[in-house]
Each structure stands twice: as structure tokens, then as C-alpha cells.
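The values are calculated or read from the model by the stated rules, or taken from the named source; none is laboratory data. What you are looking at is a predicted structure, and each value in this text was computed from that prediction instead of being measured. All Cβ positions, glycine included, derive from the backbone under ideal geometry; neighbour counts span all protein chains shown. These area figures cover heavy atoms from the full protein model, side chains too; ligands, DNA and RNA do not enter into them. Shrake-Rupley method; radii C 1.70, N 1.55, O 1.52, S 1.80 Å.
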Amino acid sequence: PPRSTLFPYTTLFRSGAAYAAPMPWAMTFAEAATIPVAFLTAYYGLHTLAGLSAGQRVLIHAAAGGLGQAAVQLAQQAGAEIYATAGSDAKREYLRSLGIRHVFDSRSLTFRDDVLKATGGAGVDVVLNSLADDFIRASLETMAPSGCFLEVGKRGIWTVEQVRDFRRDIRYFAFDLGT
């Protein structure tokens with residue numbers, strides 16, 4: 001093809017090279033492909049939608065997973081106070097090893113009372129939610145007034161109307177950048 005046809009593609013490739021990194025040798029291509037989606041999802045939710053800033057409290061569900069780890073890193077970088085959940089003792093211990101002081105069980109609704117106790121009843125400013133069913137209500141109950149609920153779950157998610165009926169003061173965003 002004539003050079004003018006290739007120009008947009010070669011320009012894009014060259015400019016994108018600044019954002020490339022070598023793929024870790026122990027990863028498959030499929031595993032490596034999830035990293036940008038996880039970080040873009042976390043960044044879009046925490047920064048673009050919620051406007052997370054230093055001193056705010058953020059609850060990150062499934063914090064030991066890919067999206068959770070991206071969110072933890074971005075929240076730490078922003079200077080937010082992190083409240084995290086994970087589904088096993090080993091994962092909770094891993095999160096503590098990262099310096100996260102407030103770590104709770106994501107497989108029990110007790111996290112709601114634990115978060116409220118840890119915040120002195122004030123609640124969290126932002127929730128990054130991937131849990132379903134009764135865990136959504138419990139997560140909403142952990143929120144401070146005028147908080148932001150970021151829904152990245154796949155099943156049983158609430159509509160804007162359901163959230164509004166439950167907590168009119170909450171900003172609610174359900175999104176999936178992976179689709």
C-alpha cells in the first residue's frame with residue numbers, strides 16, 4: 001500500500017510504544033492482556049468517576065484479585081485510606097503484608113459492621129464493588145453521606161433506581177470497560 005495509507009498505523013504504533021512494557025515470562029498472553037483492563041477500570045472508577053483524593057476512605061472488594069490489586073495501588077498512590085475485603089485467610093494476610101490495616105472477609109456480611117466500626121460509624125467515601133446479592137446492600141450500608149458506589153460486578157447488580165430508593169445521596173456508577 002502507498003505510504004500515506006500506512007502513516008496513521010505506523011504513527012499509532014510508534015506513539016503507543018511509550019506505553020508498552022515487556023510481558024513477564026511466566027505469564028500467558030491472556031493473563032498479560034488483563035493487566036491494562038484492570039488498571040484502566042480501577043483508574044476510571046476511582047479517579048474519573050469517584051474523584052478519589054488523599055484522606056478519603058475507599059472500600060475495595062476482592063482486593064487480592066487483579067482489579068483489586070490495581071485499585072489498591074492507585075488508592076495508595078492517591079493517599080486514600082484503604083478498607084479491603086478478600087475471600088480467604090491467605091488473601092487477607094497478603095493484603096495486610098501490603099500495609100493495608102483494615103482487611104475483612106468478603107464471604108461474610110460481617111464486613112459491613114467491621115467497616116463501620118473501623119471508621120467510627122462514619123463509613124467510606126468510595127466503594128469499588130464486585131460482590132452480588134445481599135453483599136450489595138451491605139456495601140451500600142458502609143457508605144458515608146454523598147459517597148460514590150462503583151459497581152463492576154457482573155450479576156445481580158442494582159439499577160440506578162434501586163440505589164436511589166435505598167440511598168438518595170449516593171452517586172452510583174455501574175460499568176465494565178472489559179466489554
Legend entry - Count - residues of the stretch 93-117 that are within 19 Å of Ala138 (Cα to Cα), assigned to a helix (DSSP H, G or I) and either open to solvent by 40 Å² or more (accessible area, probe 1.4 Å) or among the charged types (D, E, K, R) (or both): 6
Legend entry - Selected residue (only one of Ala122, Ala90, Ala132 is surrounded by fewer than 16 Cβ atoms within 10 Å (Cβ to Cβ), farther than 19 Å from Thr48 by Cβ and without any contact (Cβ under 8 Å) to a residue 24 or more places away in the chain): Ala90
Inset, instruction - Determine the pairs where a residue that is in contact (Cβ under 8 Å) with a residue 40 or more places away in the chain and open to solvent by 60 Å² or more (accessible area, probe 1.4 Å), located within the stretch 162-175, has a partner that is assigned to a helix (DSSP H, G or I) and of a type in the set (A, V, I, L, M) with Cβ atoms under 6 Å apart, the partner being 6 or more residues away or on another chain. - result: Phe173/Leu49
Inset, instruction - With the checklist (1) of a type outside the set (Ser, Thr, Tyr); (2) touching a residue at least 24 places away in the same chain (Cβ under 8 Å); (3) touching a helix residue (DSSP H, G or I) at 6+ places or on another chain (Cβ under 9 Å); (4) open to solvent by 10 Å² or more (accessible area, probe 1.4 Å) in hand, flag the one item Gly79 doesn't pass. - result: (3)
Inset, instruction - Name the single residue, out of those in the stretch 54-65 being small (Gly, Ala, Ser) and under 20 Å from Ile136 (Cα atoms), that is surrounded by the fewest Cβ atoms within 10 Å (Cβ to Cβ). - result: Gly65
